[in-house]
Amino acid sequence: MESKNETIRENGMLFLLAISPIVIGFFYYMMVQVPVIGMVWMYVAPFTVLYYWGWVATVFRSRFKGFLKTMVWMNGLGLITLALYIWQFGLLKEGEQISVLAVLSQLYTVSLGFITTWIGIVLDGSTSIETEIMSIGASIVTELVSILLMIGAAVIGYFVAENQEKKKIEQENLAEEPLETGKMEAVFSDKQMEEYELKDAEEAQKQNI
């Protein structure tokens with residue numbers, strides 16, 4: 001029963017981590033409305049979120065123990081939101097969007113806007129981020145790059161954790177080697193002592209004879 005409850009709690013935690021970019025995106029929208037703090041957060045958020053997502057990869061890796069499974073479970077929701085974005089803004093005409101889905105499709109990667117918006121600006125040939133209204137094509141490319149950045153952060157986090165685990169195992173193995181060597185030396189010394197004792201006993205017997 002306890003094992004089942006632990007599994008439920010663990011899966012619940014992984015689910016919350018998987019949807020956390022949407023929650024972060026929601027609070028990002030709220031924070032950027034605050035004077036000064038919002039401006040600072042807009043610059044800091046992309047790097048903070050990418051670092052955080054790399055850490056999340058270490059948690060998923062410890063659960064699934066496989067690269068493909070980790071990436072799918074971590075970034076599956078991001079790919080779904082990308083598909084929603086393309087559907088809402090690329091396939092539907094202006095005014096036909098479903099407002100809830102249109103907003104939801106942007107929340108996953110909105111916190112990366114400071115980095116990725118410049119891609120859309122370059123594609124559309126604008127020189128100002130404040131006055132730029134991106135074309136549909138440029139906005140879709142921007143959204144795609146945002147998803148790729150999230151996946152990239154997850155990949156880096158995964159392999160950093162893997163390398164750290166390998167180094168830890170190597171250090172443990174190195175720490176065990178002196179102990180094993182010491183045991184072998186002790187056994188060897190005991191054997192030598194036995195041989196010396198046998199030789200002494202044989203010599204003593206010869207002298208008595």
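Each value in this text was obtained by applying a stated rule to the coordinates, not by laboratory testing. Remember, it's a predicted structure, so these values are computed and weren't measured experimentally. Counting neighbours? That spans all protein chains shown, and the Cβs are built from the backbone with ideal geometry, glycine included.
Remarks
- Karplus-derived 3J(HN,Hα) values for segment 90-95, using 6.51 cos²θ - 1.76 cosθ + 1.60 with θ = phi - 60°, are x, 9, 8, 6, 4, x Hz; glycine and proline are entered as x.
- ³J(HN,Hα), Karplus 6.51/-1.76/1.60, whole Hz, each residue of segment 59-66, x for Gly, Pro: 5, 5, 5, 5, 8, 9, 6, x
- Near GLY12: Cβ cut-off under 14 Å, other residues only, Lys/Arg at +1 and Asp/Glu at -1. The net charge is +1.
- Spacing of the modelled spin labels on PHE114 and ASN5, each 7 Å from Cα toward Cβ, amounts to 4.3 nm.
- Each residue, GLU176 and MET30, gets one label point 7 Å from its Cα in the Cβ direction; the gap between the two is 5.0 nm.
- Local electrostatic count at VAL72 - Lys and Arg +1, Asp and Glu -1, tallied over other residues with Cβ under 14 Å: +4
- In order through segment 98-111: 3J(HN,Hα) via Karplus (6.51 cos²θ - 1.76 cosθ + 1.60), integer Hz, x for Gly, Pro: 8, 4, 4, 5, 5, 6, 4, 5, 9, 5, 4, 10, 4, 5
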